[in-house]
Amino acid sequence: MDLETFRNYCIQKDHVEESLPFDEHTLVFKLNNKMFALVSMREERKNACNLKCDPERAIALREQFMAVEPGYHMSKKHWNTIAFNEDVNDHLIYELIDHSYDLIFKSFSKKVQKELSK
């Protein structure tokens, strides 16, 4: 996985916006103004992303993979940092992006979910 592949996968999802709300180096992907993914564009950190995750699954992933750690500068309970090109394959990263997106989608009211589904 690389930064461009990660970005392209995130941005193609419905109603996703990308921005640089923190600084010029941290690319954030949001669904209806709620973050579901972050990736650093700094040379020394651009080989990892932060993704929201169900707390129980987050712990299981950290135990299973060396490349998965508690979220860098995020809630350690709900976010993981995943290093690219280590022991987590691209297919699983895509699945975890989808999982993060779905968690955010499901956090909205039924009314908002319906509007976003149009």
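Numbers for the structure displayed
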quantity	calculated
Virtual spin-label span in nm between His73 and Asn85, 7 Å along Cα→Cβ	2.2
Computed E for Arg57/Glu24 - FRET, C-beta separation, R0 25 angstrom, nearest 0.05	0.20
Summed residue charge, Cβ within 13 Å of Arg57's Cβ, Lys/Arg positive, Asp/Glu negative	-3
The stretch 12-34-the stretch 48-118 distance, computed between alpha-carbon centres (Å)	15
Contact order relative to length of the stretch 3-116, as percent, for alpha carbon pairs under 8 angstrom and 6 or more apart	21
On Cα atoms only, tilt of 90-107 relative to the major axis of the chain in degrees	40
Length gained when the stretch Glu115-Leu3 is fully extended (0.36 nm per residue, less Cα-Cα span)	37.3 nm
Two-decimal log10 I(q)/I(0) for the chain, as the Debye equation yields it once each C-alpha is a single scatterer, q = 0.11 Å⁻¹	-0.33
Nearest 10 degrees, 0 to 90: helix 55-64 Cα axis against the chain principal axis	20
P(r) histogram, all alpha-carbon pairs of the stretch 1-54 included - 10 Å bins from 0, percent	25, 61, 15, 0
Value of [θ]222 nm, deg cm²/dmol, for the chain, DSSP H segments ≥ 4, -39500 (n - 2.57) each, nearest 500	-11500 deg cm²/dmol
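A short reminder: the numbers here are calculations on the coordinates, not readings from a lab. Note that this is a predicted model, so its numbers are computed, not measured. With ideal geometry, Cβ positions are generated from the backbone for all residues, glycine too; neighbour counts draw on all protein chains shown.
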